[in-house]
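> Quick one: the structure is below, questions incoming.
The values are calculated or read from the model by the stated rules, or taken from the named source; none is laboratory data. Fair warning: this is a prediction, and the values are worked out from it, not measured in the lab. Positions of Cβ are backbone-derived with ideal geometry, glycine not excepted, and every protein chain shown enters the neighbour counts.
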Amino acid sequence: MVALPQPETNSASLGLEAPATWQQLAILIRLRNQSGTLLLLWPALWSLVMASDGHPPLLLLLLFVAGSFLMRSAGVVLNDLADRSFDRQVARTKTRPLASGTLSRQVAIGTAVFLLTASASLLYCLNRFTVLLSPMAFFLAALYPFAKRFVQVPQAVLGIAFGWGAVMAWASVRNQLDLPVWFLYTGTICWALGYDTIYALQDREDDVRIGVKSSAIYFGSRTWSAVACCFVGMLVSVGAAGWLAGLGPAFYAMLAVAALMMSRQVFLVRGTVPPPLALALFKQHVWIGGAILAGVWSGALFP
């Protein structure tokens, strides 16, 4: 049962419009922390490099880098708009601009519209097939903030959303969807479910108290085994995509490095995971994703 939001006692609840500042907007879009952008970007780049046999067009690289930044920024604004009442009850999030009332809802909505419009404008540089796939990306970005109200494992919705970038990247190169990209998509879903479950460990006690759904709550004492299954699924799926694409040994070497790092994380998650450790383990996946990209690129250039 979801707890009712607590009465608002900050400036927003009193009808006072908090003036927007560049600093508050930067905090709103997490400008200083681009871990989420990179975790969204890596699968798209795996797909882009794999689909182009190691020679992705520079324009497509720039478009997907920019698109990842804009979509992730829009996503966190939408998330904060949807969760501002819950965020006030969670120690880690209660100081966010919307939760604390230092930024008005109107400014946040305007920011989200601007970011989504800027992201949509990039589609003019892509082929028609990729454009036809794009509405799903916007739908998933809008859906995820509400998933924790209705879905026991909302982190899976995040994976479905993040993985769609890989589908669009493949389409932008090949103008069709081949079997390897569906393995990449599956692998990205498994990966995001694994690392975001670790991330959710930070807020498990608060989420239980306020009635928010989370994979860290749903899996409970089996969290470590669920994370292990997710990581195995990710490694097998991404490995299958590389095999179908004919990647060389460097790809499998980097996949082995990723497997070692993930194995260590599973071991640590078996015990008590304080919030700082959960955050540190989550951030390691930025490096894991980058290592896999290096393996995909090397494996494509030297099959």
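> Assess whether F86 counts as being among the hydrophobic types (A, V, I, L, M, F, W, C), at pLDDT below 95, surrounded by 23 or more Cβ atoms within 10 Å (Cβ to Cβ) and assigned to a helix (DSSP H, G or I). Spell out how you get there, then give the answer.
Working: among the hydrophobic types (A, V, I, L, M, F, W, C): yes; at pLDDT below 95: yes; surrounded by 23 or more Cβ atoms within 10 Å (Cβ to Cβ): yes; assigned to a helix (DSSP H, G or I): yes.
When the stated conditions are applied, F86 passes them.
Let's see how each residue does on (1) buried (at least 16 other Cβ atoms within 10 Å of the Cβ); (2) closer than 21 Å to G67 by Cα; (3) of a type in the set (D, E, K, R); (4) in contact (Cβ under 8 Å) with a residue 12 or more places away in the chain:
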position	(1), (2), (3), (4)
S121	no, yes, no, no
L126	yes, yes, no, yes
A141	yes, yes, no, yes
V181	yes, yes, no, yes
G194	yes, no, no, yes
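> Looking only at segment 268-287, which residues are of a type in the set (V, I, T), surrounded by 15 or more Cβ atoms within 10 Å (Cβ to Cβ) and over 14 Å from the mean Cα position of the chain (by Cα)? If you could, list the steps in order and put the result at the bottom.
Let us first name the residues in segment 268-287 that are of a type in the set (V, I, T), namely 269, 272-273, 286.
Among the residues that remain, those that are also surrounded by 15 or more Cβ atoms within 10 Å (Cβ to Cβ) are: 269, 273, 286.
Selection gives V269, V273.
> Where in segment 112-231 are the helices (runs of 4 or more DSSP H), entirely inside, with at least 2 residues that are acidic (D, E)? It would help to see each step written out before you state the result.
Values: elements: 128-150, 154-174, 179-200, 204-210, 215-219.
Answer list for segment 112-231: 204-210.
> Looking at (1) of a type in the set (V, I, T); (2) touching a residue at least 12 places away in the same chain (Cβ under 8 Å); (3) surrounded by fewer than 24 Cβ atoms within 10 Å (Cβ to Cβ); (4) under 23 Å from D53 (Cα atoms), which is the only condition V131 fails?
(2)
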